[in-house]
Amino acid sequence: MNKKKKKFHLSDLILNLAMLLVALTMLIPILNLLAKSISTPASVPYMKGYQIWPSGFDLINYEIIFSNQVVWTALKNSLFITVVGVLVNVLVTTMMAYALTRPGLVGKKAIMVFLIIMMIFEPGIIQEYFVMKDLHLLDNLWSMVLYRSVSVYNVILLMRFFQETPEALLDAAKIDGAGHIRVLFSIFLPLNKIPILTIGMFYAVYRWNEFFHSSIFLSSRGNTVLQVFLRQFVVEGDTTALSALGTLDLSSINMSALRASTIIVTMVPILVLYPFILKYYTSGVMVGAVKE
């Protein structure tokens, strides 16, 4: 049996090279930060912006970061806000998408118009601040957990998938006496695992990277989050957060390398999430594949 040879297309080569260049523009800065963070402090000033290999090896920057109790507190708070916040986001989003796709919902058109208006005209920070104040949630981690519990864009995105759920399954569930809660958790969620994980990842990235509202709603050092700490130290150059460094000698530390280490520590937790989500993407694609 003769195997057909793949034809070479110049457009494929150009596209692959373009994607490679885009990937390099993202990878090289990250690898450069990693290289600086583990290089010896004395050699960091001589490293180029495109250098992706370390000059020497020293973990003093990470010793400084992880010896600071503020970092551990901020990391714990960021993880709490992200994990609990995403659970709230996914629950509210799926319930809203399910309700808006039910054919017997009264006032569906008015609700959709209201949601779209809210998506376009977002409230200002002053109004949000006074809402949190009236709810007695200022300087409370739950203010960031409950903040933006739902995204209208993600609701509309999930509605598109919920509308494709076979009606035969819903009719069979109704005959068996299943209510809305049972239908949602037993039929809609398992059949729409991939889109739900997708919006969950959107929510997780947003919550992990959010610093502006955290810096306003959370004022005490015990309730600070990692992104606020990162901004204070890396962007504003505020070193007061590094006061509790134990007996480590800071005289020979390169601040550029220390900032690079802080950025790496902030990036790693959210990057770890992607491989776990990727396997569900792959399984979802294979389920819909055509077999011959």
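Annotation: the chain has a Kirkwood hydrodynamic radius of 23.0 angstrom, from the mean reciprocal C-alpha pair distance. Two numbers describe the Cα atoms of segment 13-117: Rg and Dmax, which are 24.0, 70 Å. The angle between the Cα long axis of helix 108-120 and the main principal axis of the chain comes to about 20°, on a 0 to 90 degree scale.
Taking only alpha carbon atoms, segment 108-187 gives an Rg to Rh ratio of 1.13, where Rh is the Kirkwood radius. Leaving ligands, DNA and RNA out of it, report the carbon-plus-sulfur percent of the accessible area of segment 108-214 at a 1.4 Å probe. Carbon and sulfur together cover 69 percent of it. Per-residue ellipticity at 222 nm from helix content only, as computed over the chain with -39500 (n - 2.57) for each DSSP H run of at least four residues, stands at -20000 deg cm²/dmol. Put a plus charge on the Cβ of each Lys and Arg, a minus charge on the Cβ of each Asp and Glu, and nothing anywhere else: the dipole of the chain about its Cα centre is then about 1120 debye. Taking the inverse of the mean 1/r over every pair of distinct Cα atoms in segment 36-193 gives a Kirkwood hydrodynamic radius of 20.3 Å. In the context of the full set of protein chains, the chain has a per residue accessible area of 63 Å² (1.4 Å probe).
With each label modelled as a point 7 angstrom along the Cα→C-beta vector, the I181-E164 pair spans 3.0 nm. For segment 190-200, putting each phi into the Karplus relation 6.51 cos²θ - 1.76 cosθ + 1.60 with θ = phi - 60° gives couplings of x, 6, 10, 4, 5, x, 5, 5, 5, 5, x Hz, in residue order, rounded to whole numbers and with x for Gly and Pro. Relative to the longest principal axis of the Cα atoms of the chain, the long axis of helix 10-38 lies at roughly 50 degrees.
Helix 152-162 and the longest principal axis of the C-alpha atoms of the chain enclose an angle of approximately 50°.
The values are calculated or read from the model by the stated rules, or taken from the named source; none is laboratory data. The shown structure was predicted, so the numbers you read here are calculated from the model rather than taken from an experiment. Quick reminder, even Gly has a Cβ in these numbers, built from the backbone with ideal geometry, and neighbours come from all protein chains shown. These accessible areas exclude ligands, DNA and RNA; they are computed on the full protein's heavy atoms, side chains included. Shrake-Rupley method; radii C 1.70, N 1.55, O 1.52, S 1.80 Å.
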